[in-house]
Structure formats: C-alpha cells, structure tokens
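K.L.:
Could you have a look at this structure, given as structure tokens, before my questions?
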Amino acid sequence: MSVPFRLRQLDHVVLRVRDVAAMRRFYCVVLGCTPELDQAGIGLYQLRAGESLIDLVDVHGKLGRQGGAAPGAEARNMDHFCLAVDGYDEAAITAHLKSHGVRVGETGMRYGAEGEGPSLYVFDPEGNVVELKGPPVPGSRVGLPS
C-alpha cells in the first residue's frame, strides 16, 4: 500500500516552558526568532523561525496545565511536533493510518507556520504526538505575507 501523501517540512515544534520571558529572550535575542502570535489567554506564544514556528507553552497557563508538571526529570518538555503535508485528504490519511494500526486523535483547524488550516493528531508507538498539517486557508497567516 502506498502512502497517500508526501511529507514536505517540519511545520512547528511546541515546547512546554516554566519561564516564558527567559525562553523568548533566548529564542528571539540569541537565535533570531521573531514574535508571531501571542495567545496569552491560553498561555501560547508562537515565534517565527524561518519558515517554521517554535511554540512556547507556559506550564502555568491553560494549555500548559493540561500537560502535567513542568519540564524536568519526570515530565516531558515537548508537547508534539508537526509535519506539513501535501495532498492533505483527511479521509484518505485517516484510512491509511488506521490500516497500519495507528491511533488517530483530534482533527480540526489549527494555526501553523503557513497560517490556519486543517490538521490531525496521531500517536507514534512510544505515545509521542505528531500533528499532520494540511494547506493553510488563504490569507490566514498573521506574520509575513502569504
């Protein structure tokens, strides 16, 4: 059975953080990222890293509390990673994944490096969450022009 889509690039990485200000300073000042979209109400701060995003999730915010304890020896730091895909056909992708016994999670419209678009979460054999991201809705990108 062939794969019904082609992986294109890493869309974004999500890090669970204890000190948002220190992390923003590091990624923006030290590495040259730029602020993209702040969603302080849920504790999500998105930074532009070239064509990709680095998302900082405050462990004390709404999203961060859902992931448990702060990063450390007994807690995870990365929430999930996202792969942008060409040929995004949710039904075909879901059927393909299920035919391989892959656990499929929530689907929905989510903001990523290219703007807001459809995506679905899947779980790898170790329980890591991988987001498969379809094409953006035209004009939905907040940062640089689409």
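The values are calculated or read from the model by the stated rules, or taken from the named source; none is laboratory data. These numbers were taken from a predicted model, which means no experiment stands behind them. Cβ placement follows ideal geometry from the backbone for every residue including glycine, while neighbour counts extend to all protein chains displayed. Accessible surface areas use protein heavy atoms only, side chains included; no ligands, DNA or RNA. Shrake-Rupley method; radii C 1.70, N 1.55, O 1.52, S 1.80 Å.
K.L.:
Residues of the range 18-47 being hydroxyl-bearing (Ser, Thr, Tyr) and in contact (Cβ under 8 Å) with a residue 40 or more places away in the chain, which ones?
P.N.:
Matches in the range 18-47: THR34 only.
K.L.:
Would you check if GLY101 is of a type outside the set (Val, Ile, Thr) and either touching a Phe, Trp or Tyr at 6+ places or on another chain (Cβ under 9 Å) or within 20 Å of GLY50 (Cβ to Cβ) (or both)?
P.N.:
Values: of a type outside the set (Val, Ile, Thr): yes; either touching a Phe, Trp or Tyr at 6+ places or on another chain (Cβ under 9 Å) or within 20 Å of GLY50 (Cβ to Cβ) (or both): no.
Criteria not met by GLY101.
K.L.:
Now for a separate question. Could you go through the range 55-71 and let me know if any residue there is basic (Lys, Arg) and surrounded by fewer than 18 Cβ atoms within 10 Å (Cβ to Cβ).
P.N.:
So far as the range 55-71 goes, yes, one or more of its residues are basic (Lys, Arg) and surrounded by fewer than 18 Cβ atoms within 10 Å (Cβ to Cβ).
K.L.:
Out of (1) under 13 Å from the mean Cα position of the chain (by Cα); (2) farther than 21 Å from GLY117 by Cα, what's the single condition that is false for VAL57?
P.N.:
For VAL57, the exception is condition (2).
K.L.:
Right, next: Of the residues that sit in the range 41-50 and are among the small types (Gly, Ala, Ser) and either open to solvent by less than 70 Å² (accessible area, probe 1.4 Å) or in a strand (DSSP E or B) (or both), which one is farthest from CYS82 (Cα to Cα)? Working first, answer last.
P.N.:
Taking the range 41-50 first, the residues among the small types (Gly, Ala, Ser) are 41, 43, 49-50.
Keeping just the survivors that are either open to solvent by less than 70 Å² (accessible area, probe 1.4 Å) or in a strand (DSSP E or B) (or both) gives 43, 49-50.
Numbers: GLY43: 19, ALA49: 14, GLY50: 15 Å.
Per the criteria, the residue is GLY43.
K.L.:
While we're on this one: Are any of the residues in the range 5-17 in contact (Cβ under 8 Å) with a residue 24 or more places away in the chain, under 18 Å from VAL129 (Cβ atoms) and in a helix (DSSP H, G or I)?
P.N.:
No, the range 5-17 contains no residue that is in contact (Cβ under 8 Å) with a residue 24 or more places away in the chain, under 18 Å from VAL129 (Cβ atoms) and in a helix (DSSP H, G or I).
K.L.:
Same structure again: Can you report the number of residues in the range 74-86 which are open to solvent by less than 50 Å² (accessible area, probe 1.4 Å), within 26 Å of VAL142 (Cβ to Cβ) and aliphatic (A, V, I, L, M)?
P.N.:
Of the residues in that region, 3 qualify.
K.L.:
Can you pull out every residue in the range 21-40 that is in a strand (DSSP E or B) and among the hydroxyl-bearing types (Ser, Thr, Tyr)?
P.N.:
Of everything in the range 21-40, just one residue is in a strand (DSSP E or B) and among the hydroxyl-bearing types (Ser, Thr, Tyr), namely THR34.
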